[in-house]
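The values are calculated or read from the model by the stated rules, or taken from the named source; none is laboratory data. What you are looking at is a predicted structure, and each value in this text was computed from that prediction instead of being measured. Every residue, glycine as well, gets a Cβ built from its backbone with ideal geometry; the counts of neighbours run over all protein chains shown. These accessible areas exclude ligands, DNA and RNA; they are computed on the full protein's heavy atoms, side chains included. Shrake-Rupley method; radii C 1.70, N 1.55, O 1.52, S 1.80 Å.
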Amino acid sequence: MRVVFSRVAAVLAMSSLLMSGCRKDDVRVYQAPKDLETPPSSSPSPASVPIEREVAKSDSKPKGPPWTVPSGWVEQATSGMRVASYLVKATDGRAADISVVALEGVAGGELSNVNRWREQIGLGAVTEEQLAGLRTTVPAGGRQVVFYEMAGEKPVLDGKYKARTLASILPAGAMTVFFKMTGEEALVALEKTRFLAWIRSVETGDGPSETEVETPVAAANASAAPSTQAPLASTDSSVLPHWSVPSGWKDGGSRPMRLASFEISNAEGIGDISISSLSGDGGGLLANVNRWRGQAGLATIDEATLKLESGTIRTADGATGFLVDLKGTEKRILAVIIPHRGSSWFIKLTGPTELITKERAKFDAFVQSIRF
Amino acid sequence: MLKTLTQFLSSLRLTVVLLACAIAVVFFGTLGQTSDGLYVAQQRYFRSWFSYWTPHDATFPWIPLPGGYLVGTLLLANLTVAHVTRFKWSWNKSGIFMTHIGIILLLVGQLLTDMLARESVMSFREGESRNYSESSMDFELAFLQDSGSNQLDQVIAFPANLIKSGTELQHPLLPFSIRVREAFENATVRVRGPMVDSNRPPASTQGAGRSMIIESSAAKRGMDDRNVPGSVLEMIDGGRSMGTWLGSGILRAQQIETASGTWRMELRPVREYKPFALTLIKTTHEVYPGTEKPKNFQSRVRIQNLDSREDREVDIYMNNPLRYSGYTFFQFQMGREQLEQGGRGTSALQVVQNPSWIAPYLGCIIVGLGLLVQFGIHLGKFISRRKA
């Protein structure tokens, strides 16, 4: 009997041992092979920065959306670049998806976005000239914003429904917000009135100013575009040129659309340096300069005036950049556009006038240290 | 005392009660899936010693239940003790003996599968290589530093269930501690939009979270749903705050600069590294003409194993998994990335490692043979009696 008991005990002990053997709360320490294809990681952050802002408190109840949601639109989960999402469904299963996507800068430009939307519903791409013919304006957020309506000609939804897209682009501070409805052709046409009423109801208010990020006006083939699956941290240091970072410039961390960022913080205020690159001419010198002039509180200028007001600066390897110095009453912008091997590189310093005056020599030295 | 215990454990009544309990566990466990989802229901009803079932509206009291582990262990003990104490070997009972051995093997095999089998997923885009697979349910907060070798990273990985609001995580190899300011089982992390988020501060003061927000989402329990954990983590170096970082399952690695070097932080699915690499060469996604019904999902992958100097290409498709180095790779999912990201084909392989995979097959074969033998013996006796 004792033998029997010991056998039974052994069975029970083995069961217990097996069941308690694998603990899920152990910290694992190991050496692992580096990723074979390392995804781009965000830029380094300063080693010691005090917490300037409290993180989101769980008890801070966010206010409702800054627009009136039309009846029948059902709120959906959001993620990534999508800051709001709704769904409209017909009783027979036809549906339309409504999205609000926010991106920093101009997010690829109007043409590339419109062409991407056209492609999604089975339409061919249009040129910049054709785009102007498709563009209308509608009221949104107390001003006029561009509006596009496009109807597909092929059944791209479930292989049986044609699609229609309504889209509006609203610049908001340093960001661009895309309001879009896409879905079954007739359903979207039916919802158009509500869509227009919806964007008309948008209250723009104040955007997040501390994330003010600059992106050059994009060329037609710029890669960035609003997408719910767009990479969230996308700095690829392997494409960066070499440069010498002046003393006092701190790494500004990873920002969408930027290849690198630096920050200057001193008694005069905070300065922001952005480095970005776009294929082609990045929208052109005049368009970018005029956009920057608007940010500095200056009036737009024409090509002839631009020639008079822009200078040139050379990098360490001999590339020539166009330099503009835009002095507003409170804000001053120093910017250089360097065409290089089919791309345009944008180096821009934004900050209070006194700070820029003090940092001007360092900015020039930084640009002159660049080697592609 | 010993005699009483042995009589209890070898009792046929216990067998009947345990089988009834097993039926109840399966019944309520199946009902529980509707509210808890498959994964949670498995943990709650089957991978537990005790559980209870609560109806949806919870207007009447919960029903206490034995857990799957308790029923399985007692059934195993019941069968084993009954077999050892009561069974007397003879050729006439050889079929019963085999059947008992087969059932014991099934029970032990199931226990071993539960303990040892691992399932994970290897996802990649065409042209990408992977030397690891990832858990589809569990996350870890990993800190990585270059180990000094070109090939290796030093990894310190905290399981996600340690990341709870208010806790502080430490490890002797980390030059800083991690204070968990907020932690969510399922979180929405998105760009901090103008207008929409003007009254919400950024999720963190450092890294990618500076231009994002995080908010809690309802935990998902569905079979095809997946929770993406999120957290706000404050790094403390020698009592001094280094700032806060946003940890999220949708963000790529973020860097943390310290006096002793650069670390990378990533909240990611738990990884299991392999001693070989697979590269996705090509995906084939065929549908029946005129429909969206899948006809063939096929991934052509290249296996590279430096140890065995193996370098070959194989096709993985439905009902044709790759069995390699103790792992089985099943074609799981297939898709295509967005056009602006390159439009490449994507594939996900389910990676299964089960050292005890043979046990249920052997158990069933032995039970089947045992029943055949036992019925054969009875049939033989019956025929002999009729002839007589």
Task: Assigned charges on the beta-carbon of Lys, Arg, Asp, Glu; the range A:74-209 dipole about Cα centre (debye) - done: 240 debye
Task: Mean separation of Cα contacts under 8 Å, 6 or more apart, over the residue count of chain B: relative contact order % - done: 18 percent
TODO: May I ask for the angle, rounded to the nearest 10°, between helix B:12-41 and the longest principal axis of chain B, with both axes built from Cα atoms and the value confined to 0 to 90°?
DONE: 20 degrees
Task: Å² of accessible area per residue within the range B:127-281, as computed with a 1.4 Å probe and no ligands counted - done: 35 Å²
Open item on the list: If you filter the range B:293-363 for GluC sites (Glu not before Pro), then keep DSSP loop positions with at most 15 other Cβ within 10 Å, what is left?
Closed with: B:Glu337
Open item on the list: Show me you know the interface measure: the accessible area buried between A and B, both chains summed, probe 1.4 Å, in Å² to the nearest 100.
Closed with: 7700 Å²
- [ ] Have a look at the range B:251-285 and report residues whose accessible surface goes down by 50 Å² or more when the remaining protein chains are included, against the chain on its own, probe 1.4 Å, ligands and DNA/RNA excluded.
- [x] B:Arg252, B:Gln255, B:Glu257, B:Tyr273
Open item on the list: Ratio of alpha-carbon Rg to the 2.2 N^0.38 Å globular estimate for chain B, to two decimals, please.
Closed with: 1.29
Open item on the list: Using +1 at the C-beta of Lys and Arg and -1 at the C-beta of Asp and Glu, which of B:Ile250, B:Gly376, B:Leu65 has the Cα lying farthest in the positive direction of the dipole of chain B?
Closed with: B:Gly376
Open item on the list: Counting only other chains, and only Cβ atoms inside 10 Å, what mean value do you get across the residues of B:182-193?
Closed with: 6
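How high is the relative contact order of the range A:233-368, in percent, counting Cα pairs under 8 Å that sit 6 or more residues apart?
24 percent
Out of the total accessible area of the range B:199-247 (probe 1.4 Å, heavy atoms of protein only), what percent is carbon and sulfur? Let's see the in-between values first.
On the way: 780 of 1710 Å².
It is 46 percent, rounded to a whole number.
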Task: Of all accessible heavy-atom area on the range B:59-145, the percent that carbon and sulfur account for (1.4 Å) - done: 65 percent
Task: Those trypsin sites (Lys or Arg not before Pro) in the range B:278-340 that DSSP places in a loop and that have at most 13 other beta carbons within 10 Å - done: B:Arg309
- [ ] Would you calculate, for chain B, the mean residue ellipticity at 222 nm contributed by helices, counting each DSSP H stretch of 4 or more residues as -39,500 (n - 2.57) and dividing by all residues, to the nearest 500?
- [x] -10000 deg cm²/dmol
Task: Degrees between helix B:68-86 axis and first principal axis of chain B (Cα, 0 to 90, nearest 10) - done: 30 degrees
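Percent relative contact order of the range B:2-86, based on C-alpha pairs within less than 8 angstrom and at least six residues apart?
For the range B:2-86, the relative contact order is 37 percent.
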TODO: Name the residues whose placed amide hydrogens come within less than 5 Å of the amide hydrogen of A:Gly252, ignoring near sequence neighbours (fewer than 5 apart) on the same chain.
DONE: A:Ser261, A:Phe262, A:Glu263
Task: Angle between chain B longest axis and helix B:358-387 axis [Cα atoms, degrees, rounded to 10] - done: 10 degrees
